[in-house]
Amino acid sequence: MVAMLERETVDHVARLARLALSDAETDVMAVELSKILDHIEAIRTLDLDGVEPTSHVIDVVNALRADVPHHSLPRELALASAPDPVDGGFGVPSPGASAQ
Amino acid sequence: MSDALLNLTAAAAAAAIRAGELDPAELFELYRERAAADSLNAFSWLCDGAPDAGFDRSTPLAGVPLGVKDLFCTAGIPTQSGSRILEGYRPPYTATVVERLYAAGATLLGKTHQDEFAMGSSNENCAFGPVLNPWDRTRVPGGSSGGSAAAVAAGLVPWALGTDTGGSIRQPASFCGIVGLKPTYGSCSRYGMIAFASSLDQAGPLTRDVSDSALLFSHMVGQDANDSTSLAFPEPVRMPARRELSGVRLGVPEELLSADSGIDQGVRESFEQTLSLARGLGAVVSPCRLPHAPHALSAYYIVAPAEASANLARFDGVRYGLRVPGNGDLESMYSATRAAGFGPEVKRRIMLGTYALSSGYYDAYYGTALRVRTRIAQDFQRAFEQFDFIVTPTAPGTAFELGAKSSDPLAMYLNDFCTVPMSLAGIPAISIPAGLSEGLPVGFQLAGPAFSENRLLDAAFALEQAIGFDGSPARAGGRA
Amino acid sequence: MSGAAVEYEPVIGLEIHVQLRTRTKMFCGCELSFGDEPNVHTCPRCLGLPGTLPVVNAQAVHYGIMIGLALGCEIAPRSQFHRKNYFYPDLPKGYQISQYDVPICGPGKLGEVRIHRVHLEEDAAKLVHVGESGRIHGADRSVVDFNRGGTPLAEIVTEPDLHSADEAREWLNLLRTTLRAIGVSDVNMEEGSLRCDANVSVRPLGSDQLGTKTELKNMNSFRFLAQGVKAEIERQTALLRAGEQVQQETLHFDPASGRLTPLRSKEQAHDYRYFPEPDLVPLVVTEAMLERARAELPELPADRAARLERDLGLSGERARELAFRPELGDFYEAALAAGGPQLDAVALANWIPPLVERIGSDADPAGSRVSPSALAALVALVSSRAVSQTAARDVLTLMVQSGDQPATIVEREGLGAIGGDDSGLAQVVAAAIAADPDAAEKVRDGNMKAVGPLVGYVMRETKGRADGGEITRLIREQLGL
């Protein structure tokens, strides 16, 4: 059994993933992730020296596109699903600005 | 009369329409009425009438209705991938595979419910309520393509599109008593499929029989300039016709059928009966080794969440979908939006994947998983030197009761034990109904080398004829 | 404490982002643009809509290879794209597709600076601040414009081989000139098609260990780069002199105040979680791709400067002046060819700056009314003393205005040199000596500096048509030297 994930680790990962977790959710997450990681742990005991990693299962390279323009979306369509369309753009709270 | 029409397979219906014996509008309306009365929660969206463009009898699919898993983008039509974060989202474009099927004459009947972002094996992770199994409404239809599987099994649509990342076509096909094909990775374009795990996701058909599977698949395949990981299928997809299996070598992987693999007794018995039928058709059945297959699940539950953690980063409340302001600042908007928009399983996998990729853990988890993936692919390559196909039960059990596993993520993940190795290796696999165990369907899985779909469909067809499964839950007494 | 102060040596490395001059974006077919209305060059891909996939622009790869060849880099036979994960509103997918462990170009060298690597990636979108910071009601708001998002970028990373702000600026100019010459980018710092960050540290002179470095961002002109780096070197040196430590941090340069302010540590706490991009297959550079890139490479500015210096005897400075602005070098070499083997290459080169001065410092002489052969003809007239240096400048001015041949102008304006035995120049020189006996006396005593007023007198009297050398010769002759 690997050690339980610490709360600080779960908090850190949740911040990286931009997921707001309540204290209770963090506790549950720590338990569940620990169980899954414990199950996964077995593969770390395999002898994998000299084995190349497989990130693609197909044997294809390049697949390049010619530098030819296509039609872009009409702006109304680009913005059609935007939660906060502003002046032809996508409105967001300014980074670095604090709401307080 | 209408039941007779609705009992036609898609291939038979298309042939009848092309021969002028069946009105495609009539068939479409019959299905639409039946789907509108759907009480399984199979559909996330249903068309409100025949398409404006009408039906083209001369096309190969001749206007036969099609169900499409929610995660395929359909221009102007809700595409939510089972998630609250995309509620009401209508994309401006259509997925390549769907476009190809439209071009071949398929008509969209409706979009089908699924586990959120295809993460799940029961459809209970759908933000819009669980789909019910037509064989027993207290049970799950499997997942993640549960809506498609349930709709096809219940006769609400002749056939449907699903996607398979670690078993998401095959396992619901098994639970619902229909045929599900996960094609070779790269044979069908992923463009327009809302991604779960990019190196594993693959579109495929859910159908009443193997012939329909081949027909639908034949109009899905092909290289797509919009998907760099797609390939040209090396030969035309043929309609299966084989009725015996003489000399076909079937390998039964010891590692996946060991005593501790968690396979139910009923499933084992059904599997053995199918092997006997195969021998009767001339197949040679022997044990084979896939030494790393038992580790596939672990590798999968690193690779898939890792890719998913990046694929789902785009759901940030900026360009589309849900936005929750939080405290009003940017960071809080991100975290609040994603906390409100994603369900528990999606959050769990994002957390797992983020952790596996994070500084200090990459080699231990992701790097290791990619090496295990190499080993698993090599295991299959070696096995295919001696065997034409690898065969296993599709799932360790039959459809389980709603809620039975939802509190234990790991128990849920174990459903993918027999399907995940093929996903990691990128090879094709098909699940066909092998019979019933305690009134519930059991699936039989065949897997072959990359691009062996024609041979695989042929073998599945021969077995299907020998098994003689009655695919209707109504006749089997399952429909309440 | 000893009296001898420790001398510190700055160590500088640069990271340069270059927007490639393709027609379309890195991973989709939207056209590149600058200054258009917001969000008119977007598509499902560059908006990061669900279900979309990237497809690599072949021309961007081609430009990447050309850059690698121009910088003497090893071209990786096989490279891969990775996902660099972080959240920011200008990053639509939540990750940037970039190259990580295997970039398309490995080690190389430009001038005296080693190149660490060059890799391909996609640019971020533009985030424009719009909201009034009404901190009480409503939050501060920005707007994202995705026109720029997905523009192909090459990131060029140097080794820390630069040792002053001026060196950094000069080298960046060489890089810009090189990239412009090979035609892969507009390399315009004001428009953001060339962007430069600097890693700066200082160490005691003679040490072979690197000090703690800081990263300087937002130096969007050559002047700001030099200012920023200089300020940071001074700041770090002062810290070390005071016995304090340099903190590793990212600093933002404010051109208005010239100040460097640290970015908040929260923004620096990144864990990019790089992993191979599963949506893209490996990039394999074939021999055919290399051949095509080699064939399109023109002579590089540094090579041209070396050739002009070595083969034509130009000064290093003049050679670089011509080579680093290819249009000047081209005009010069065309004039040289037109003038034939008799033409003095050094003298011709010295006429390029006066020409540039007259046509506008940024103008291409090929677009002026002066043809290369006309400039060559003017230089020939000067060399044969048919026109004085001074008069030739007036002739050039008239050539730029009228486009006429120099000989025509000389005749029309009466600007031919005064010289020879029967020209009367000797009488003017005699008058000059007579008018300023003090100066004449000093010259006679060997003070050649005193010749100036005498020459000036003659120039005034002849309205610049006399040749300076001829005047001096006559003065010496008449003074018996």
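The values are calculated or read from the model by the stated rules, or taken from the named source; none is laboratory data. Quick caveat: nothing in here was measured; it's all calculated off a predicted structure. Heads up, the Cβs are rebuilt from the backbone with ideal geometry, glycines too, and the neighbour counts pull from every protein chain shown. Protein only, heavy atoms only, side chains kept; ligands, DNA and RNA dropped before computing areas. Shrake-Rupley method; radii C 1.70, N 1.55, O 1.52, S 1.80 Å.
Taking the range B:213-259 as the range and being more than 14 Å from every other protein chain (Cβ to nearest Cβ), open to solvent by less than 10 Å² (accessible area, probe 1.4 Å) and either part of a strand (DSSP E or B) or within 26 Å of B:Tyr102 (Cα to Cα) (or both) as the test, the residues that pass are B:Ser213, B:Ala214, B:Leu216, B:Phe217, B:Met220, B:Leu250, B:Gly251, B:Pro253. Within the range B:308-334, the set of residues being hydroxyl-bearing (Ser, Thr, Tyr), out of contact with any helix residue (DSSP H, G or I) (no Cβ under 7 Å at 6 or more places or on another chain) and crowded, with 23+ Cβ neighbours inside 10 Å comprises B:Tyr320, B:Tyr334.
As a summary of the residue check, B:Lys405 satisfies the conditions (1) open to solvent by 30 Å² or more (accessible area, probe 1.4 Å); (2) under 20 Å from B:Ala118 (Cα atoms); (3) within 19 Å of the chain's Cα centre (by Cα) except for the one numbered (3). Taken as a whole, the range A:79-96 holds no residue that is modelled with pLDDT of 95 or more, within 7 Å of another protein chain (Cβ to nearest Cβ) and assigned to a helix (DSSP H, G or I). There is no residue in the range A:69-77 that is at the interface with chain B (Cβ under 7 Å from one of its Cβ atoms), farther than 25 Å from B:Arg348 by Cβ, of a type in the set (Ser, Thr, Tyr) and open to solvent by 20 Å² or more (accessible area, probe 1.4 Å). Within the range B:308-326, does at least one residue satisfy the condition of being within 13 Å of chain C (Cβ to nearest Cβ), polar (S, T, N, Q) and within 29 Å of B:Ser122 (Cα to Cα)? Among the residues of the range B:308-326, at least one is within 13 Å of chain C (Cβ to nearest Cβ), polar (S, T, N, Q) and within 29 Å of B:Ser122 (Cα to Cα), which makes the answer yes.
What number of residues in the range C:54-81 are within 25 Å of B:Cys73 (Cα to Cα) and either outside the structural domain of C:Pro152 (by TED's automatic domain parsing) or open to solvent by less than 10 Å² (accessible area, probe 1.4 Å) (or both)?
Filtering the range C:54-81 down to residues within 25 Å of B:Cys73 (Cα to Cα) leaves C:54-57.
Narrowing the set further to residues that are either outside the structural domain of C:Pro152 (by TED's automatic domain parsing) or open to solvent by less than 10 Å² (accessible area, probe 1.4 Å) (or both) leaves C:55-57.
The qualifying residues number 3.
Read through the list (1) at pLDDT 95 or above; (2) at the interface with another protein chain (Cβ under 7 Å from one of its Cβ atoms); (3) open to solvent by 60 Å² or more (accessible area, probe 1.4 Å); (4) farther than 20 Å from A:Val57 by Cα, then give the number of the only condition that B:Pro344 fails. Failing condition for B:Pro344: (2). The set of residues in the range C:154-175 being buried (at least 22 other Cβ atoms within 10 Å of the Cβ) and under 8 Å from the mean Cα position of the chain (by Cα) consists of C:Leu172, C:Leu175.
Is at least one residue of the range B:73-91 buried (at least 21 other Cβ atoms within 10 Å of the Cβ), outside any loop (DSSP other than H, G, I, E, B), in contact with a helix residue (DSSP H, G or I) (Cβ under 9 Å, 6 or more places away or on another chain) and of a type in the set (A, V, I, L, M, F, W, C)? Yes, the conditions are met somewhere in the range B:73-91. Residues in the range B:3-15 that are open to solvent by less than 50 Å² (accessible area, probe 1.4 Å) and assigned to a helix (DSSP H, G or I): B:Leu5, B:Leu6, B:Ala10, B:Ala11, B:Ala12, B:Ala13, B:Ala14, B:Ala15.
Being over 25 Å from the mean Cα position of the chain (by Cα), among the charged types (D, E, K, R), open to solvent by less than 10 Å² (accessible area, probe 1.4 Å) and facing chain A (nearest Cβ under 7 Å): is that true of B:Arg338 here? Considered against the rule, which asks whether it is over 25 Å from the mean Cα position of the chain (by Cα), among the charged types (D, E, K, R), open to solvent by less than 10 Å² (accessible area, probe 1.4 Å) and facing chain A (nearest Cβ under 7 Å), B:Arg338 comes out as yes.
If you go through the range B:22-43 one residue at a time, how many are over 21 Å from B:Ala149 (Cα atoms) and not in a helix (DSSP H, G or I)?
We begin by selecting, within the range B:22-43, every residue over 21 Å from B:Ala149 (Cα atoms); these are B:22-26.
This time we only want the ones that are not in a helix (DSSP H, G or I), so: B:22-23.
The number of residues fulfilling the criteria is 2.
Among the residues in the range A:55-71, are any free of Cβ contacts under 8 Å to residues at least 40 places away in the same chain, out of contact with any strand residue (DSSP E or B) (no Cβ under 9 Å at 6 or more places or on another chain) and closer than 30 Å to B:Leu322 by Cβ? Scanning the range A:55-71, I find at least one residue that is free of Cβ contacts under 8 Å to residues at least 40 places away in the same chain, out of contact with any strand residue (DSSP E or B) (no Cβ under 9 Å at 6 or more places or on another chain) and closer than 30 Å to B:Leu322 by Cβ, so the answer is yes. Just so you know, in the range B:16-71 the residues that are free of Cβ contacts under 8 Å to residues at least 12 places away in the same chain and among the aliphatic types (A, V, I, L, M) include one that is most open to solvent (accessible area, probe 1.4 Å), and it is B:Ala53. Could you please find all residues in the range B:148-196 being over 9 Å from the mean Cα position of the chain (by Cα), within 14 Å of chain C (Cβ to nearest Cβ) and over 15 Å from A:Ile58 (Cβ atoms)? Of everything in the range B:148-196, those that are over 9 Å from the mean Cα position of the chain (by Cα), within 14 Å of chain C (Cβ to nearest Cβ) and over 15 Å from A:Ile58 (Cβ atoms) turn out to be B:Tyr191, B:Gly192, B:Met193, B:Ile194, B:Ala195, B:Phe196.
Out of curiosity, is A:Ile58 open to solvent by less than 20 Å² (accessible area, probe 1.4 Å) and among the hydrophobic types (A, V, I, L, M, F, W, C)? Spelling it out, it is not the case that A:Ile58 is open to solvent by less than 20 Å² (accessible area, probe 1.4 Å) and among the hydrophobic types (A, V, I, L, M, F, W, C).
Scanning the range B:304-332 for residues that are of a type in the set (Gly, Ala, Ser) and touching a strand residue (DSSP E or B) at 6+ places or on another chain (Cβ under 7 Å) yields B:Ala306, B:Ala310, B:Ala313, B:Gly328.
Among all positions in the range B:266-277, there is no residue which is part of a helix (DSSP H, G or I), closer than 22 Å to A:Ile36 by Cα and either more than 14 Å from chain C (Cβ to nearest Cβ) or more than 25 Å from the chain's Cα centre (by Cα) (or both). The condition of being surrounded by 20 or more Cβ atoms within 10 Å (Cβ to Cβ) and without any contact (Cβ under 8 Å) to a residue 60 or more places away in the chain holds for only one of C:Leu481, C:Leu454, that being C:Leu454. What do you reckon, is C:Gly150 within 14 Å of chain A (Cβ to nearest Cβ) and either assigned to a loop (DSSP other than H, G, I, E, B) or of a type in the set (Val, Ile, Thr) (or both)? Here the answer is yes, as C:Gly150 does meet what is asked. Once the range A:31-50 is narrowed to residues that are charged (D, E, K, R) and facing another protein chain (nearest Cβ under 7 Å), the residue that is least open to solvent (accessible area, probe 1.4 Å) is A:Glu32. Contact map, the range C:85-108: first residue away from chain B (no Cβ under 14 Å), second residue assigned to a loop (DSSP other than H, G, I, E, B) and open to solvent by 20 Å² or more (accessible area, probe 1.4 Å), Cβ cut-off under 8 Å, separation 6 or more or different chains; pairs are C:Gln99/C:Gln80; C:Val102/C:Gln80; C:Cys105/C:Glu74; C:Gly106/C:Glu74; C:Pro107/C:Glu74; C:Gly108/C:Gly72; C:Gly108/C:Glu74.
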